[in-house]
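The values are calculated or read from the model by the stated rules, or taken from the named source; none is laboratory data. Just so it is clear, the model here is predicted, and its values are computed rather than measured. Note that we place each Cβ from the backbone using ideal geometry, even for glycine, and neighbour counts take in every protein chain shown. Ligands, DNA and RNA are stripped out before the accessible areas are found, and what is left, the full protein with its side chains, is counted by its heavy atoms. Shrake-Rupley method; radii C 1.70, N 1.55, O 1.52, S 1.80 Å.
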Amino acid sequence: MRWAEALRSRGAQVKWLDLLGESPVAQAAACDGIMWHWAHYPHEIRLAALPILRVIEEYLHLPVFPNMATAWHYDDKIAQSYLLKALDIAQPETRVFWRKADALAWCQQARYPLVAKLSGGAGSENVQLFHTPDTACQYVEKCFSGTGILIHSEIRGSWKKAKRMVKNSLQMLSYVCFNRFPPLPSQLYWMPQKNYALFQEFLPDNEFDTRVTVIGNRAFAFRRLNRPG
């Protein structure tokens, strides 16, 4: 890993830890600092990394990367929305609903088209566009249902959609005839999302996806052409 190479080149001793294993706090206590490589896996980040790193940083008083000031809102559009509002930073109009009745009432008078997003996800994953109150309300009902939303990405391409429809039909038949629940996707990187709904205003004529990275007092950006799915 490049982190380890960079640290060794500067005379630091690198020790590999298994902070998802037993005694993560004891492992960390033997070090002078902790670095954790984060990815878009909410089960690891939300349930493990955040509480473990917080204890290490705040109670063992060790430097951690990423620290809590930059980590608590990682891959969390709800937290990011609240943060941007608190800092008075411009963003598309964003509404977060924690009660189904509030979300349903708002969808009846919202301006369409309307963008719906799950809290986590990158690269346009977990994003939907609604053109009518009925479709938006159906989405809200699903958000506040018993199972919530499990699928993390859209199936693109007619052949893939056809295969998914056949597979779903067979699984449904197995459930009806033999009471066998269908398996979850083998690579379900997103935890089930439920009991909230997040909507944003639709910004038309946006041909590019713009990314800005800030490191200290420096920033660099790039943009890529949005291609229809």
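Phi-derived couplings, Karplus 6.51 cos²θ - 1.76 cosθ + 1.60 at θ = phi - 60°, listed residue by residue for the stretch 209-217: 9, 9, 10, 10, 10, 10, 10, x, 9 Hz, with x used for Gly and Pro. H37 contributes an accessible area of around 110 Å² to the protein surface, as traced by a 1.4 Å probe with all chains present. For the residues D75, D32, a 1.4 Å probe over the protein chains yields an accessible-area ranking, largest first, of D32, D75.
Can you tell me the dipole magnitude for the stretch 1-69 around its Cα centre, using point charges on the Cβ only (Lys, Arg +1; Asp, Glu -1), in Debye to the nearest 20?
Working: 6 positive and 7 negative charges, 44 e Å.
Its charge dipole is roughly 220 debye.
For every other residue with a beta carbon closer than 13 angstrom to the beta carbon of G146, add +1 if it is Lys or Arg and -1 if Asp or Glu, then tell me the sum. Result for the local shell: +2. With the charge dipole of the stretch 1-57 set up from +1 on Lys and Arg Cβ and -1 on Asp and Glu Cβ about the Cα centre, the Cα lying farthest toward the positive end among the listed residues A39, V25, L7 is that of L7.
Taken about its Cα centre, the stretch 1-131 carries a charge dipole of about 340 debye when Lys and Arg each add +1 at the Cβ and Asp and Glu each add -1 at the Cβ.
Please compute the alpha carbon radius of gyration of the stretch 38-106, then divide it by the globular-protein estimate 2.2 N^0.38 Å. Two decimals is fine. Kindly include the intermediate steps, with their values, before the conclusion.
Details: Rg = 15.3 Å, N = 69, 2.2 N^0.38 = 11.0 Å.
Cα Rg divided by the expected 2.2 N^0.38 Å: 1.39.
Return the FRET efficiency for the residue pair E22, R111: r is the Cβ-Cβ distance, R0 is 45 Å, and the value is rounded to the nearest 0.05.
On the way: r = 53 Å, r/R0 = 1.17.
After rounding to 0.05, the efficiency reads 0.30.
Measuring only protein heavy atoms, the 1.4 Å probe finds W72 accessible over about 120 Å².
Heavy-atom accessible area with a 1.4 Å probe sorts M35, M68, largest first, into M35, M68.
Compared with the alpha-carbon gap, the fully stretched path from L62 to A6 is longer by 18.2 nm at 0.36 nm per residue. Surface exposure of the stretch 32-126, expressed per residue as accessible area with a 1.4 Å probe, stands at 57 Å². Distance between the modelled labels on K85 and E141, one decimal in nanometres: 2.8 nm (7 Å Cα→Cβ projection).
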